[in-house]
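Every read-out reported here was derived from the displayed coordinates using simple, explicitly stated rules and does not represent laboratory data. Nothing here was measured: the structure is a model prediction, and the numbers come from that model. Counting neighbours? That spans all protein chains shown, and the Cβs are built from the backbone with ideal geometry, glycine included.
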């Protein structure tokens, strides 16, 4: 997808955060996560495959011994398990997309790669996915800190939080940090 801004063509990139089975209908699934699946699929279809990036929460068998595991003692997204996989109907739309496996909430590598890209061409970023209040906000803030002049937006109809209240709180936090909530 491209936007025209002051006569310049700007490449718009979609970042699909953690649309994995465990977050949708698995060990940490919610009704709200299930409810956004069709919106997410519709949004992905609006972008060229080369302009779509995805992330995957990725943990090892030792998850319960990690700091995150102590704060959130629910095994999830253990690499190689069914819960770790991106939901099948969404994965089919990500054919050819670059996918970042990340051991924590935000992907430092994703931010570094997109910063490098932003130095070569004008880009805009849109984030969607799960969970608004954990991984979406973490990635949005990492990206904003890395590229303060790149427009970053979040589509709330394609995001869900751990709870509806936390979803709204995360959207407000992102607005405060100059991330556009559309």
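Tabulated data
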{"quantity": "Estimated translational D of segment 29-182 in µm²/s (Stokes, Kirkwood radius over Cα pairs; 20 °C; 1.002 mPa s)", "calculated": "133 µm²/s"}
{"quantity": "Relative contact order, percent, the chain [alpha-carbon distance under 8 Å, six or more residues apart]", "calculated": "26 percent"}
{"quantity": "Label-to-label distance, nm, for residues given as residue 92 and residue 41 (7 Å Cα→Cβ offset)", "calculated": "0.7 nm"}
{"quantity": "Principal-axis tilt of helix 164-176 within the chain, Cα atoms, nearest 10 degrees", "calculated": "30 degrees"}
{"quantity": "Rounded FRET efficiency, nearest 0.05, which uses the C-beta distance separating residue 25 from residue 62 and R0 of 30 Å", "calculated": "0.75"}
{"quantity": "Distance (nanometres) between label positions extended 7 Å along Cα→Cβ at residue 10 and residue 34", "calculated": "3.8 nm"}
{"quantity": "Chain lengthening between residue 176 and residue 109 when straightened (0.36 nm per residue, less Cα-Cα)", "calculated": "21.7 nm"}
{"quantity": "Segment 109-165 - percent relative contact order, Cα under 8 Å, separation 6 or more", "calculated": "44 percent"}
{"quantity": "For segment 148-178 versus segment 14-86, the gap between their alpha-carbon centres in whole angstrom", "calculated": "17 Å"}
